[in-house]
Structure formats: structure tokens, C-alpha cells
1. Treat every Asp and Glu Cβ in the protein assembly as shown as -1 and every Lys and Arg Cβ as +1, leave all other atoms uncharged, and give the resulting dipole magnitude about the Cα centre to the nearest 20 debye.
2. Compute the acute angle (0 to 90°) between the alpha-carbon long axis of helix A:294-309 and the principal axis of greatest extent of the alpha-carbon atoms of chain A; round to the nearest 10°.
3. Which entries in A:K252/B:K83; A:K206/A:K252; A:K6/A:K35 show an alpha-carbon gap greater than 24 Å?
4. How far apart are the B:T214 label points across copies, placing each 7 Å from Cα toward Cβ, in nm, shortest first?
5. Computed on protein heavy atoms with a 1.4 Å probe, what is the summed buried accessible area for the chain pair A and B, in Å² to the nearest 100?
6. How would region A:136-222 be classified by its alpha-carbon gyration tensor: rounded, prolate or oblate, with rounded meaning a/c under 1.5 and the a/b versus b/c comparison settling the rest?
7. Kindly give the distances from B:P289 to its copy-mates, label point to label point, with each label point 7 Å from Cα along Cα→Cβ, as nm values to one decimal ordered shortest first.
8. Which distances, shortest first and in nm, link B:E102 to the matching position in the other copies, using label points set 7 Å out along Cα to C-beta?
Protein chains: 2
Amino acid sequence: MSDIKKVSETAGVSIATVSRTFSSPDIVSQKTRAKVQKAAKELGYHPNSLARNFRVQRSYSIIALVPDMTNPFFARVIGGLEKAANNRGYTLLLGNTGHNIEIEKKYANLAQTSLVDGIIQLSAHYPLECEPSLRKIPLVNICECFNEPNVPQVIFDNVGGARAIMKLLLEKQHRNIGIVTGPNESPLNEERIKGCEEALYEYGIKLDPDNMYTGDFTFEEGYRAADIFLKRETKPTAIFCFNDEMAIGSMKRIKEDGLRVPHDMSVAGFDDIHFAAYSDPPLTTVAQPAEAFGEPALNFLCDQIDRTRDNQNYNAPERKILPYELVIRDSVATCAKN
Amino acid sequence: MSDIKKVSETAGVSIATVSRTFSSPDIVSQKTRAKVQKAAKELGYHPNSLARNFRVQRSYSIIALVPDMTNPFFARVIGGLEKAANNRGYTLLLGNTGHNIEIEKKYANLAQTSLVDGIIQLSAHYPLECEPSLRKIPLVNICECFNEPNVPQVIFDNVGGARAIMKLLLEKQHRNIGIVTGPNESPLNEERIKGCEEALYEYGIKLDPDNMYTGDFTFEEGYRAADIFLKRETKPTAIFCFNDEMAIGSMKRIKEDGLRVPHDMSVAGFDDIHFAAYSDPPLTTVAQPAEAFGEPALNFLCDQIDRTRDNQNYNAPERKILPYELVIRDSVATCAKN
DNA sequence: GTGAAAGCGCTAACAG
DNA sequence: CTGTTAGCGCTTTCAC
């Protein structure tokens, strides 16, 4: 690997000029630029990013802390983040935390060693060791959010999405609806429950805790939830699961009893994973614009990075809410009981 | 951010000692180490990785070039890579190429600017600009492999896996088996076809090109393949798809004709994605140990990185073949025609 | 538009 | 076991 010095010598210019032709070509004269480029090509020179990043004290990398990359929804979010990052000249690092706080901390600390310029957290969990109020490290929270003043969020309209699909079920005459939620702790979960409540309220119904099952977003838990609902004396006529995997798990269990979806029991999901169109029957669900998290997340993050470098104060927290979209397929029908 | 100098001053030692207590604590006396750690803590000091990486001329990062992160199989592979990388002190960067050669090239070139120490390529495609024979950049090829002497591979036993599942179908009396392959170019595809041939050969049958459909590993193409097979005068009694998504797409189409899987038509897949257990019926398939690619891939890569740094020659290419596992579920039955 | 020179924070000889 | 010192490759003032 030849270095900047060798290039400057064979091009007959100073190293400063070589540096400029690579980092800000426009301030170098046409003629000089050509000379340098020729020399660089001959020598197979590529600027050393390690040196550059060190010199300017920034890595041009950011890290996404993702609880489970294997989850197809997160996979799509990551795709969107990566694209947005690249558009801004950043490289995206991936921190697969597996819901493990120690691992998450380890990744988050890359920021303290300057290895990354900022962090995008995809869980409802403040990832840094330092006090939130003393935070210097650019951080934005997306998807599942904790509530910390001062860290920007981009979230999905969980309330709206849940309300919409719940209303769909209600319009189809369902009155006894089983709800399979995610783990209790998460705000996301509370928001979706709130959406359910709002829809039921419009129909003069109160949310019945007996009709709720706390799942964990896996196929298995969807299966188990349906199992429990099916054993009731008065079974629900519809099940709304807070994600598609659980909905698919539920359908599997329902069909095992010889019941048909949606004729005997309707099922609705949440997320619109690719697979939702290929389940049997195809799943009615609400689509989250997974890829759309990237752009606003990077806007927020880059803002912070720039402000931190300029030693400016960080202002009011920001928040962007992404719209939902109802995806009607074949897993929901009018209630047979009526 | 305080730097090493400030820590050395408040601890009353030289900067070299501070550096040592962080990079090789064992060669610093207990007492000194304690002093330094105390000072570091007080000052909130964290070693600057940018400086360190620059100094030692390595990034401790590697990049995985993945064609489509949204693909659940690749997601699992990435998980395995990340873990293996972390175990060796490397950070894994992700390059989502979307099958786009320009993007792939862009990512691969991060190695030339020293931003990554090595590359793991997940496609059957040599990613670098320089001649394969002149390559200096550590590179290993996994999953789908091109054949380039000199770059180590870790691949899955595609021949064995395809042969095994094909034999299962044959044992179940199927003689007219539709095969839905992946795109023609890939060696992976050729290997699976070879496996099919070998199994058929044992039964004295020759592979019939008319019974093959060239898909692209999407749900949609599986659906389309089944559509074509179903319109034949003599329909196949079983369909073997080269991945699970296509198998699930096929089942959807088959069921649309009122046929039952597996009673009227058997379907087999490949990969064992998580979803395969939750399709209807649950899919019989061959499992690839997706996470298991990580360890051997990193062994090969780290070897190369170390050798490159020691200016040693690179020796014979290496290759590791991962074993398959047959996963019997409910989508394959004995042929009804016999 | 270009060059000279300082220095980013750290590591690794080398000497003691 | 610890300190001194050179220097990694680049960017960025400051002159000219």
C-alpha cells in the first residue's frame, strides 16, 4: 500500500495537495488534480480511512442496536437504516443484542471509544451507562421506544394501527375478540392495547382482561394463546395478535381443531411480514412501513452528531410518527354467530 | 473526552504505562494498574479506538457482503458471523448489496481504504476489483460460492442434502417429481441438481428437464412453478423446491386447486427457515446449519489476516463443508397413485 | 491554488 | 516493570 507521501512525490506536488484532491477536489486546479489522480492510479493508492478518521476524530460509522436480527420486521428496518446511512456517507454497524443487556452495553460503549459516531436503539431500553441527562453521545430511539426526554424517537402509529384493525373486526360483528399482546413492559404494547380500547369504546364495549393473553411475539406463543382461547366455554369469534408470527401460530392451532379460518374464527395480525401473504389463509394485518424508519432516524442522528461536534446544546426532543396501513386479506370474515 | 496524557498526569505515570494498562494489563504492576484505573475512572477516560486502530493499522472490523438481509436464512448466517467475529475481537460490518454489483464493489472497497480488515462474501461472485491472483485482501466465500482457487470456502453439503430429500420422495413411491430450482448461474444450484440426479440414478431414473422449473427463491416463483406443474396432463405427484419460500408458495397454489398437501401432492423444501414449522402443513425440508457458517468462516479469515500482516504467503485454498439434516414434517406422504 | 508544518492519541521499540 | 521518544497517514491552519 503506497501512502500519500509517495503519491505527492511522483506527482510532484505537496502532500497537502494530494489530500485535497481526494477530500475536496473542487479547490484543486484541474491540472494539478489530473497529475495527482494519475500518480495515484499508477501507485494503486487509496486514502487510508483509518488515518483520516483518526485525524478528523470521527468514524463515519453508526451502530444499530437490534434485539433480534432474525426477526423479519427488524431485518427490513435495518435495510432502511443502512440505505439512509449510506446516503449520508455513514457506514452502518450492527449490534445484535439478543435482548441481552450486557451485550447491548458492550456495543453501546463502542461510542465511548469513538468507534461509532452515534447509536440507533431499536428497543425500549436506554442503552448507555452514563446518566441520560449527562449524555453526550448521539442517540436515537426507534421502533420500540423508552420515554426519555432528550432522545428523539421515530415510532410507528401503534395506537392507530391497533384501533383500525380492531374496528375492522367490530364492523364485521365480532364482539368477543381474543387479544394476544406482546410482553407487558413495552410501551409499544401499551399503545396497541390503547388502540384496542379506543375501538371497543366506540362500540360501547370495555376491554376484558380475560380476553387477553400476554405473548412474546413468537409463533409458539400465538399457538399457545389460541389453545387457551379454544378451550373456553364461550370461545372468542376472532383473535387479534400483536404480530404476524403469533397470528400464524394461532391459525395453526385453530386449524388443528378442524375449525376454518376465517369462517369459524377470524384472525388478524400486525406488521405485514412478507410471509403474511403466504400463510393459509393469507393474513389480514396492519402494515408497518419498516424501511421508512431509516430516513427520519438518520436525520435525527446526524443532527445530533453535527451539533455535538459544534458544541451546541441539544434542543427539544423530536419525534416522528409513521403512518400505518391496513392490509385486508382473507383471515377475517363477518362473524358467523350473528 | 479526556485523553491518555491527562490520565498519565493525574495518575503520576507515563503515557506508555497508561497505554499498557489498557492494552496489556498483565505487564503492569498491580499497584500502578490500580492508580491508572482510578485516574481513568475519575476522568471518564476511554481509550480512543480511532487512534489505536490507526496506530496499529488495522480496524478490527470485517464486512459481510450479503445479497439480501431480509432473507431469513441469511439473517441467521449473519447472526452466526457476528458471534464468531465478536469472539475474536472483531466487529462485523454489514454490506447489504441487494444483488447489485456496484454496491457490492463499493462495500468491498472499504477494505482498500483499510476500513475493514477482511471480507466475507455470501454470493457466488468475486467482489474485488483487483485480479483474483493478485489479491492482497483477506477474503472468504461462504454459502453461495464462486470457484476461485485461493479463496477459502465454507459451504453447505448441497449435493448431500438434495440427494437425501430426493431419496425420501423416491422411497415414498414418487416417480414423477417436479423440481423447482434456483437461478441457473449459481454453483449451489448445480450442486443441488447433482444431488437430485444421484438420487434418481439409484432408482434407475434419469433427470427429466421437463420436470424442472427455474425459480428465483421467492414465494412468487414457487407459486408460479406449481401453477405450471398443475396444468400438465400428467401432474407430478411431488414437488421438491430448492428453498422453503418456494415450497410454501407452491403449497399455496396447490391448495387453491382444492388439492391437499400431502395427500394429493407432496411438497419438500430446503433450508428449514423458522416459518417452515408453521406453514400448513408443516414443511418437510432439509436444514442448513445457518449459524454454523460463522466459526469456520472466521477461522479462515483470521488466518489470512494474520498471514497478510506477517507478510507470509497465502497457501493452499481451504474448504469446509457443513453437514445437512433432514427435517421430516407433514408435507410429504406416500404417493397415492401406487 | 499550493506548500510547510504541526499534531490528532496512541503503540512499540529501546533503554534503563 | 516503567519512561522516553518516534511516528503511524492524514487534515488543516497559516503563509505565500
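The values are calculated or read from the model by the stated rules, or taken from the named source; none is laboratory data. Values in this document were obtained by computation on a predicted structure and should not be read as measured data. Note: ideal-geometry Cβ built from the backbone for every residue, glycine included; neighbour counts use all protein chains shown. Accessible surface is based on the protein model in full, side chains and every heavy atom, while ligands, DNA and RNA are left aside. Shrake-Rupley method; radii C 1.70, N 1.55, O 1.52, S 1.80 Å.
1. Its charge dipole is roughly 2320 debye.
2. Roughly 40 degrees, rounded to the nearest 10.
3. Cα-Cα > 24 Å for A:K252/B:K83; A:K206/A:K252; rest within.
4. 5.4
5. 4200 Å²
6. prolate
7. When each copy's label point is compared with this one, the spacings are 4.4 nm.
8. Here the equivalent label points are 4.6 nm apart from this one.
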